[in-house]
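K.L.:
Submitted below is the structure of interest, expressed as structure tokens.
The values are calculated or read from the model by the stated rules, or taken from the named source; none is laboratory data. Owing to the predicted nature of the structure, the values given are computational and were not obtained by experimental measurement. Quick reminder, even Gly has a Cβ in these numbers, built from the backbone with ideal geometry, and neighbours come from all protein chains shown.
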Amino acid sequence: MTSVLPSAQSGCLLLADISGYTAYLAGTELEHAQDVLADLLETIIAEVEPPFTISKLEGDAVFAYMAEADLDASRLFDTVDAAYFAFRRRLRDVVHSTTCDCNACVLIPSLDLKFLVHSGEYVIRTIGRSEELTGSDVVLVHRLLKGTATDVVGGDAYLSVTAAALDAVGGDPAALRLVEHTEALDVGEITVYIDNLEERWKAEQRSVLGVVTPETAHGVYSGEVPVTPQEMWEWVTVPSKRIEWQLGLTEVKENFDGRRGVGTVNHCAHGGSSTLQEVLDWHPYSTFTTQDKLEGVDAGLQVTLVLTRTEGGTLFTYLFRTDPEEAWEDLGPMILGSFEPARVRLLEVLSSMGDRPG
């Protein structure tokens, strides 16, 4: 009987590797160090999957892939940002909350995280009870671990994405402010583009412009949907998905430099009126803030969206603030009244897709 060989697939390969773990392990208590590693790997996985699918854990690294049909520059770079920021917040929180003075805790700040990304072909083979990705492109993304991107950024916190991967997601290295670099590997010279994640983390820490908090909000709406925060992020940021459920929205035209984020401007058409949105604050898969200018309305409107993971999916909370405050008396009932019907519509869309129970 002839077995059917699995066919090759095309997609994006991502390797998230904890930098400095070998040295960290050598100087710490093994059992406690393994607990720290497990905690950090779980933090990374929670942000990477979805949109990526986890292939396997490789010691101190997470290997994942995404099908070619799902590739998108914003999705890729947002996922890397979300995972790196979550990793750094976890390091910070563990250090601040522990009173333990063992080496495994004291040396936690020595750890960092890098991402290697490549696009190409791979075969998914079932070996025993697990799946294994094989192919020359799988080998290449792992070879990038031996690259010299550290010399370019001066540290171990970086994203190194191959030219093939950047082409596949339609990314412009100049617009994305990536640094071109050539890696001389045993498989040949590979052109990569590098992003300094330490600098992005510093910018993330400073990015609080215009955020509406529960204390400063003039109005709040919260609702729950049975999807992950990563999936909900797509429903609230991708124009084609927004139109499916945000009632009255007929068109969204985007203007952004390389990827969605701070500075992105959306022109949203609502039947006979329109809204101009400028993104002021952007933290993938958790929160973003926009400054909205409604046609025919003199007042300004700031909106912050917060996504919170729940047992059943995601709680999404919109916080609103108008300038001047008195304008909320007129705008508030109209704005708040539109969100629950929109949530119901989203549940209907999800149900019709068959991805989630209605």
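K.L.:
Would you be able to say whether some residue in the range 206-226 is surrounded by fewer than 16 Cβ atoms within 10 Å (Cβ to Cβ), part of a strand (DSSP E or B) and small (G, A, S)?
P.N.:
yes
K.L.:
Considering the range 174-197 alone, what residues qualify as being touching a helix residue (DSSP H, G or I) at 6+ places or on another chain (Cβ under 8 Å), at pLDDT below 90 and not in a strand (DSSP E or B)?
P.N.:
L176, D186, V187 - these are the residues of the range 174-197 that are touching a helix residue (DSSP H, G or I) at 6+ places or on another chain (Cβ under 8 Å), at pLDDT below 90 and not in a strand (DSSP E or B).
K.L.:
Applying the selection to the range 254-272, what residues are in a strand (DSSP E or B) and either closer than 21 Å to F77 by Cβ or at pLDDT 90 or above (or both)?
P.N.:
If we filter the range 254-272 for residues that are in a strand (DSSP E or B), which is where we start, we get 254-255, 265-270.
Residues satisfying the conditions are E254, N255, V265, N266.
K.L.:
Checking the conditions here, which among D70, D93, D78, D60 is crowded, with 23+ Cβ neighbours inside 10 Å and not aliphatic (A, V, I, L, M)?
P.N.:
Numbers: D70 fails: crowded, with 23+ Cβ neighbours inside 10 Å; D93 fails: crowded, with 23+ Cβ neighbours inside 10 Å; D60 fails: crowded, with 23+ Cβ neighbours inside 10 Å.
Going through D70, D93, D78, D60 in turn, just one is crowded, with 23+ Cβ neighbours inside 10 Å and not aliphatic (A, V, I, L, M): D78.
K.L.:
List every residue pair whose Cβ atoms sit under 8 Å apart, with the two residues 6 or more apart in sequence or on different chains, where the first one lies in the range 228-244 and is without any contact (Cβ under 8 Å) to a residue 24 or more places away in the chain and the second, anywhere, is buried (at least 20 other Cβ atoms within 10 Å of the Cβ) and of a type in the set (S, T, Y).
P.N.:
none
K.L.:
If I go through the range 154-168 residue by residue, how many of them are under 26 Å from R88 (Cα atoms), surrounded by 17 or more Cβ atoms within 10 Å (Cβ to Cβ) and of a type outside the set (F, W, Y)? Steps first, please.
P.N.:
At the first step, the residues of the range 154-168 found to be under 26 Å from R88 (Cα atoms) are 154-162, 165-166.
Keeping just the survivors that are surrounded by 17 or more Cβ atoms within 10 Å (Cβ to Cβ) gives 156-162, 165-166.
Now narrow it down to the ones that are of a type outside the set (F, W, Y): 156-157, 159-162, 165-166.
Count: 8.
K.L.:
Counting only residues that are within 30 Å of V94 (Cα to Cα) and surrounded by fewer than 16 Cβ atoms within 10 Å (Cβ to Cβ), how many does the range 107-144 have? If you could, list the steps in order and put the result at the bottom.
P.N.:
Residues of the range 107-144 that are within 30 Å of V94 (Cα to Cα), as a first pass: 107-117, 142, 144.
Adding the requirement that they be surrounded by fewer than 16 Cβ atoms within 10 Å (Cβ to Cβ) leaves 109-110.
Result for the range 107-144: 2.
K.L.:
Which condition breaks for G248 when tested against (1) assigned to a loop (DSSP other than H, G, I, E, B); (2) under 30 Å from A174 (Cα atoms)?
P.N.:
(2)
K.L.:
Ok, one more. Identify, from the list L276, L305, L331, L315, the residue that is assigned to a helix (DSSP H, G or I) and of a type in the set (A, V, I, L, M).
P.N.:
Working: L276 fails: assigned to a helix (DSSP H, G or I); L305 fails: assigned to a helix (DSSP H, G or I); L315 fails: assigned to a helix (DSSP H, G or I).
Going through L276, L305, L331, L315 in turn, the sole match is L331.
K.L.:
Going residue by residue through the range 121-143, is there one that turns out to be of a type in the set (K, R), touching a residue at least 40 places away in the same chain (Cβ under 8 Å) and assigned to a helix (DSSP H, G or I)? Talk me through it step by step, then tell me what you get.
P.N.:
Here is the first cut: in the range 121-143, the residues of a type in the set (K, R) are 125, 129, 143.
Within this subset, residues satisfying the condition of being touching a residue at least 40 places away in the same chain (Cβ under 8 Å) are 125, 143.
Now restrict to residues that are assigned to a helix (DSSP H, G or I): 143.
Yes, the range 121-143 contains at least one residue that is of a type in the set (K, R), touching a residue at least 40 places away in the same chain (Cβ under 8 Å) and assigned to a helix (DSSP H, G or I).
K.L.:
Among the residues of the range 10-26, is any surrounded by 14 or more Cβ atoms within 10 Å (Cβ to Cβ), modelled with pLDDT of 85 or more and among the hydroxyl-bearing types (S, T, Y)?
P.N.:
Within the range 10-26, the first condition is being surrounded by 14 or more Cβ atoms within 10 Å (Cβ to Cβ), and the residues that meet it are 10-21, 24-25.
Narrowing the set further to residues that are modelled with pLDDT of 85 or more leaves 10-18.
Filter once more, so that each one left must be among the hydroxyl-bearing types (S, T, Y): 10.
Yes, that holds for at least one residue.
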